[in-house]
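Please treat every number below as a calculation from the coordinates, not as lab data. A quick note: this is a predicted structure, and the numbers were derived from the prediction, not measured. When we count neighbours, we look across all protein chains shown, and the Cβ atoms used for this are built from the backbone with ideal geometry, even at glycine.
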Ligand SMILES: Nc1ncnc2c1ncn2[C@@H]1O[C@H](COP(=O)(O)OP(=O)(O)OP(=O)(O)O)[C@@H](O)[C@H]1O
Ligand SMILES: Nc1ncnc2c1ncn2[C@@H]1O[C@H](COP(=O)(O)OP(=O)(O)OP(=O)(O)O)[C@@H](O)[C@H]1O
Ligand SMILES: [Mg+2]
Ligand SMILES: [Mg+2]
């Protein structure tokens, strides 16, 4: 099975029409500043998508639209059958649990240990008490941070924090992984490791969306690439894998 | 004048022996964890140095040793004639003003505007009141952020924050620039722009030290490269410019 | 449930400095309110006990006979606000008078006939021991035919009760002020302590934690702090009170002070817990919305 | 200097919520302390004015002549704590007695000879109007030869002054407690408000700002908040006082209340400013060190 082609047999037949994430003429304005203008994008289940563009093009903002990190200014967003405009406040956690998010600035809780940062998510999704510990440790192992579980985030190097953020994003076994510059603080080897992890997750059935300006990474991997420019979609195309 | 060779004529003769920054058998331990072990490095005035290594190798920690971001556990650090072990508390600001630091996590003040973040440094180094405004604006222009001066850092994209951090590092006209992963959140064009800025600063007589895991960048630029591995200096060598 | 408690206790021990500060604030607030109540309640009780000595004297005409006397006594007892009525015969009055006079006793040494009238001594119920109400009673009594005159220390009583009324008024106002201020201090301190954690709350929301999951332990902590602070405040007050009151017992043998009633103590602790909850609620509402 | 003020005012307006909360806290604290002081000072003044009526009566032997009288008066006046001495002749005493008696006046109607003694009425200085001190004076007077007996309402005075002393004691204790608590609340609120800014302070240190550069505007703000809060607190108290005291004036014409003396008001504001400074100092010391 090729990983980056959205092969038909990967989708259940009744979901064939409805995409997992649909942005329909979405605008996002911050005061006078327009961060996103008329974005229409569909992302199907189990896709592996890159979002690229210059600094400030709107990559992070686009991701935010899907998990209600910010409200949409105009347009419609539907995620896994939920129309975000009509989502009541108390159902937002439900939406968020569909996602595993690697934030560009990590957003680890500085006053909690690495272990607790991850356990929090594992627990919030309703894992049974006796399984929590095992799950947290296996997650930390998968990003090579098992020996730092008692550290606090400010006591970690930039790359280590990023790896913890990756582990946390995977903690809830989410349907969708949003990765905002997931390898920006990592050296080549560590980046490869994280990237392999994302691909493994994808192979297990998750939808993966990666925002990055690392064109080399995109070229090396290939697949669908959405390039933003000043808040608009410049290109939305599938590029072949380089090697 | 080649920029990355430490040519003798660039140094005043009486400073020829004493380097600008000298780390002498420096150790840094965090509890049981040894972040730096027996580091001895001299950096001369007007050098342009890369520090590289894997995530968690100790790059940021090495930089911290020079500006007293953390106290040294063992060993000596001398910066521009100041022995940091004997520096009294009230003279620390003096030390810090020799540096312009681009922090890996930017460390912008979230509750102040971009303008104020930079004006703060411009003012702290004692710039005359009527010159502050001009200087801040020219700094923002040089990183392409002049139209965002009234924004607050949380309202900026990752790359925009990084550019503000670069502008702030240059605000005090420092002798030494420490840049910790200065282009990690930037696309290729923006990274080039920032890098050009650092080179310009170097050409004007500043010492520049860049911590990065971007091997491509180093290879493209050439110059002195110190590679750390698990807290030790693995290699300290000058590599030729690629193109 | 166990996980909830674990998180609640992590919550409590995670930032000991802020939590200690909060508990001390609550303790101080409780101390302020309850110390003032203690002060006020005791002063009030003392003065009330003192005022209770106030009597209305109703003097009978010389010509009133025994049967009429019990009838009048009956009528007086029926008046609203009268607590007790005692008949004082002219002989008793003379005896009392004799002991009252000291240096002037010589004046009545040689008296053959008792010129004093019979009288009733009337005790007024505590709630009528305000000057105007006492006066009303006195006027009513005076209206009874066989009563010649009524005496009730108008001047003194008027002055004293008006001061006392004012004292009570001011006391209630102060207690109200202290209570309001305390609620403000406590809820505000909790709010400020949580303020530094708004990022944490935001992050938890972003990773899909429900509001209850986030705030449950915080409410628990808030109420626990309220409980603890309330208990500490009252304990400190009680210790101080015990120390002082034993000294008072020696110095002022006549003065009897007592601690706050148990009901009030429980009430204070409950209010303190509710305030802890309120402080959480106020700040969490803000942070969760945004 | 101008830049400093600009920064100080940015400081004040940068986080209006936290700053408003701090000012309100200070205002409430000032209100608590000053309201209690107002209450206490007024009650004390009233009761003191009342106690001032207390007199010692010293009765002379029957055989003392005019010359001796002025000599004794002289001696009594020399006793520490005696404020004024008035000679009351037996004739005056009889007159007073007659008016005092009301229903018993018939008793002395037919008296031919005046059996009352001459006497001195002695006023005691306010600071000696505590029961044991009054007693000391009385004993000293009694020791003078021509004095037959001394009377000073022992029972009543003892009881009343002991209660009053207790009241004063408790009042001072409470005032002390309120003051301590207020200083704690204020400095703590400022501390918590600054707590959320420790990152900002750390960043400023990292970019080479000197401690004075960082803390100057904060101290300025702290003291400004203290000033503002103190002024607001006193103003609210004064408004409430004016409102109430005008009502009191109508209801209780005899009671005269007055506001806190200006010195005390100034003192309160100064202390409130110092507390603002203290709050800054306590937290900044922590943050700057680390
Ligand atoms: N909260 C906000 N308030 C105001 N403007 C905002 C806010 N968030 C983002 N923006 C602006 O919207 C634009 C897009 O931001 P976004 O974070 O999506 O960029 P990006 O593509 O992720 O860039 P980068 O690669 O630098 O992270 C930027 O110009 C940014 O300044
Ligand atoms: N405050 C701290 N407490 C404990 N350990 C720390 C602290 N700061 C750094 N470390 C540890 O020291 C090691 C070196 O950290 P450093 O930040 O120097 O790495 P780095 O080379 O900058 O890595 P990166 O490329 O990921 O930023 C790491 O393993 C890190 O976890
Ligand atoms: Mg971004
Ligand atoms: Mg680093």
(request) In square nanometres and to one decimal, what's the mean projected area of the convex hull around the Cα atoms of the range B:121-168? (result) 3.3
(request) Please arrange C:272, C:187, A:40 by counting, for each residue, the other beta carbons lying within 10 Å of its beta carbon, fewest first. (result) A:40, C:187, C:272
(message) For the rotation taking chain A to chain B, which residue of A has the Cβ nearest the axis, and how many Å away is it?
(response) A:184, 2
(request) Compare A:182, A:174, A:154 in a GNM of chain A, Cα atoms joined below 10 Å, and give the one with the largest fluctuation. (result) A:154
(message) Ordered shortest first, which distances in nm separate the 7 Å Cα→C-beta label point of residue B:131 from those of the other copies?
(response) 6.6
(message) From the mean inverse distance of alpha carbon pairs (Kirkwood) and the Cα radius of gyration, derive Rg over Rh for chain C.
(response) 1.26
(request) Could you work out, residue by residue across A:130-140, how many beta carbons of other chains sit within 10 Å of that residue's beta carbon, and then give the average as an integer? (result) 0
(request) When you have a sec, figure out the Kirkwood radius of the range A:62-181 from all distinct Cα pair distances and drop it here in Å to one decimal? (result) 15.1
(request) Could you work out how far the C-alpha centroid of the range C:178-227 sits from that of the range B:140-178, in angstrom? (result) 35
(request) Show me B:19-30, C:58-69 ranked by packing, highest mean number of other Cβ atoms within 10 Å first. (result) B:19-30, C:58-69
(message) If I model a spin label as a point 7 Å beyond the Cα along the Cα-Cβ vector, how far apart are those points for residue B:125 and residue D:151 in nm?
(response) 9.3
(request) Could you check what % of the DSSP bridge pairs in the protein assembly as shown are antiparallel, to the nearest 5? (result) 65
(message) How far apart, in nanometres, would the label points at residue C:143 and residue D:198 be if each is projected 7 angstrom from Cα along the Cα-to-Cβ direction?
(response) 7.5
(message) Principal axis extents for the protein assembly as shown, Cα atoms only, whole Å, descending order, please.
(response) 139, 80, 49
(request) Pop a pseudo-label 7 angstrom from the Cα along the beta-carbon direction at both residue C:247 and residue D:20 and give the gap in nm to one decimal. (result) 4.5
(request) For chain A, set up a Gaussian network in which alpha carbons nearer than 10 Å are linked by springs, and say which option among A:188, A:213, A:202 fluctuates the most. (result) A:188
(request) Using the number of other C-beta atoms within 10 angstrom as an exposure proxy, rank A:65, A:193, D:273 with the fewest first. (result) A:193, D:273, A:65
(message) Let me check the size of the range A:186-239 from its C-alpha atoms; what are the radius of gyration and Dmax in Å?
(response) 12.3, 34
(request) Order by neighbour count: B:232, C:280, fewest other Cβ atoms within 10 Å first, most last. (result) B:232, C:280
(request) Can you tell me what the convex hull of the Cα atoms of chain B projects to on average, as an area in nm²? (result) 13.7
(request) Along Cα-to-Cβ, 7 Å out, sits the label point; list in nm, shortest first, how far the one on residue D:77 is from those in the other copies. (result) 5.9
(message) Among A:146, A:216, A:192, which one shows the highest mean-square fluctuation when chain A is modelled as a Gaussian network with alpha-carbon springs under 10 Å?
(response) A:216
(request) Every other copy gets compared here: list the nm distances from the residue C:173 label point (7 Å along Cα to Cβ) to its counterparts, shortest first, one decimal. (result) 2.6
